[in-house]
1. Does the range 333-350 hold any residues that are surrounded by fewer than 21 Cβ atoms within 10 Å (Cβ to Cβ) and either within 15 Å of the ligand (Cβ to nearest atom) or on the phi > 0 side of the Ramachandran plot (or both), and which are they?
2. Residues of the range 388-420 being within 20 Å of the chain's Cα centre (by Cα), over 20 Å from residue 178 (Cα atoms) and part of a helix (DSSP H, G or I), which ones?
3. What number of residues within the range 159-178 satisfy the criterion of being more than 19 Å from the chain's Cα centre (by Cα) and surrounded by 19 or more Cβ atoms within 10 Å (Cβ to Cβ)?
4. Just to be sure, is residue 152 part of a helix (DSSP H, G or I), closer than 13 Å to residue 114 by Cα and at pLDDT 95 or above?
5. If a residue must be within 15 Å of the ligand (Cβ to nearest atom) and surrounded by 18 or more Cβ atoms within 10 Å (Cβ to Cβ), how many such residues does the range 302-319 contain?
6. With respect to the numbered conditions (1) touching a helix residue (DSSP H, G or I) at 6+ places or on another chain (Cβ under 6 Å); (2) surrounded by fewer than 24 Cβ atoms within 10 Å (Cβ to Cβ), which one is the sole condition not fulfilled by residue 230?
7. Only residues that are in contact with a helix residue (DSSP H, G or I) (Cβ under 8 Å, 6 or more places away or on another chain) and within 15 Å of residue 196 (Cα to Cα): list them for the range 162-176, please.
8. If you check residue 85 against the conditions, is it closer than 19 Å to residue 242 by Cβ and touching a residue at least 24 places away in the same chain (Cβ under 8 Å)?
Ligand code: GTR
């Protein structure tokens with residue numbers, strides 16, 4: 001069945017003809033390929049040769065395929081997004097910026113709200129902005145005593161968290177993951193929210209946005225309808241709804257950033273929303289910018305991630321645990337959907353779990369879609385750049401020494417990439 005399908009919900013605002021999920025075969029009936037599928041070849045084998053056909057046919061098809069087989073359904077966009085400033089400090093960070101916490105409300109009153117911590121550089125508005133979800137809770141990221149402490153489930157190991165509950169002990173204890181001052185110093189605004197506002201990271205508990213839909217519970221806590229990474233990406237889009245209406249921010253210059261599972265989120269959020277001008281999944285690994293068809297035996301596999309984190313991806317993704325060759329896409333196709341917007345994949349040598357070399361392969365295998373556009377060439381480096389050296393092509397790459405973390409050195413690279421592509 002091929003139907004005119006409105007994909008407005010995916011942010012593309014065009015009506016086009018694409019295969020509907022009803023056309024998609026069950027996983028065991030899909031053709032096998034040990035190579036990453038070419039993003040410019042349709043599911044039925046038709047080769048896409050123009051930017052127009054890419055945007056009208058293949059890009060929408062890929063968005064449907066990723067929802068159907070991996071992340072679950074993109075939820076409807078709420079009708080109205082409203083914001084309330086909870087506090088403001090116009091002389092934050094020694095006068096370098098204005099800091100606010102903003103309560104963002106959408107949907108019916110009983111739905112979760114997002115608490116956005118936003119800093120805007122003094123005298124430099126409208127400013128470009130880095131935005132994304134955080135693991136720790138806003139109160140850990142800055143010292144201001146007015147920042148709200150989330151009552152929701154929190155990650156163990158976070159400063160001040162006991163029995164998965166945050167406390168004032170964590171205030172200002174994690175200053176280098178989202179280094180507000182460093183970002184302001186470079187002339188950018190920064191906006192982040194605790195990811196648990198949208199969906200706390202535990203399977204099979206009907207809380208957060210998961211509790212708002214009648215989703216049957218999948219096997220082992222997997223979500224049949226919308227999986228957790230998709231909810232997180234959708235939450236990022238609600239922040240974008242607010243940000244683009246804020247006159248202090250330049251709506252055309254937004255970069256989405258996330259680390260690890262939140263890097264998976266950043267990539268998905270970027271792929272599904274053109275308002276995000278630059279996409280930076282940091283150490284995102286399997287289910288993010290790491291290939292599902294991995295050749296790195298130190299890297300996390302699809303099977304392993306599906307067993308460890310059954311709720312991150314949809315039930316249908318489990319069908320590929322022992323046969324990733326059947327996947328009708330690989331993560332290169334998710335990067336391709338971001339095109340022609342710049343994407344930067346950042347990694348660390350000791351973080352083989354996130355598959356740094358596989359991510360470079362993904363970047364190269366996304367290039368055919370970018371090459372449909374009239375862009376400066378090459379869109380991607382010919383080989384992986386040496387450690388510590390940023391390849392700032394439109395499909396950019398960076399690897400540093402060290403381990404799995406997000407720190408001010410990484411932010412220097414994110415900001416350098418922004419200076420090239422957002423200024
Ligand atoms: C790991 C997981 C990775 C990555 C990481 C993180 O345990 O296997 O895929 O997401 O967690 O988010 O820190």
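The values are calculated or read from the model by the stated rules, or taken from the named source; none is laboratory data. Everything numeric here is computed off the predicted structure, so don't read it as measured data. Virtual Cβ from ideal backbone geometry, glycine too; neighbours counted across all protein chains shown.
1. So the first thing to find is which residues in the range 333-350 are surrounded by fewer than 21 Cβ atoms within 10 Å (Cβ to Cβ), and the list is 340-341, 349-350.
If the condition is that a residue be surrounded by fewer than 21 Cβ atoms within 10 Å (Cβ to Cβ) and either within 15 Å of the ligand (Cβ to nearest atom) or on the phi > 0 side of the Ramachandran plot (or both), then 350 is the only one that fits.
2. none
3. Keep residues of the range 159-178 that are more than 19 Å from the chain's Cα centre (by Cα), which gives 159-176.
Checking the rest, the ones that are also surrounded by 19 or more Cβ atoms within 10 Å (Cβ to Cβ) come to 160-161, 166, 170-171, 174.
Of the residues in the range 159-178, 6 are more than 19 Å from the chain's Cα centre (by Cα) and surrounded by 19 or more Cβ atoms within 10 Å (Cβ to Cβ).
4. no
5. Step one: list which residues in the range 302-319 are within 15 Å of the ligand (Cβ to nearest atom), which gives 302-313, 317.
Subsequent filtering for residues that are surrounded by 18 or more Cβ atoms within 10 Å (Cβ to Cβ) retains 302, 305-306, 309-313, 317.
So the count comes out to 9.
6. Exception for residue 230: condition (2).
7. Of everything in the range 162-176, just one residue is in contact with a helix residue (DSSP H, G or I) (Cβ under 8 Å, 6 or more places away or on another chain) and within 15 Å of residue 196 (Cα to Cα), namely 166.
8. When the stated conditions are applied, residue 85 does not pass them.
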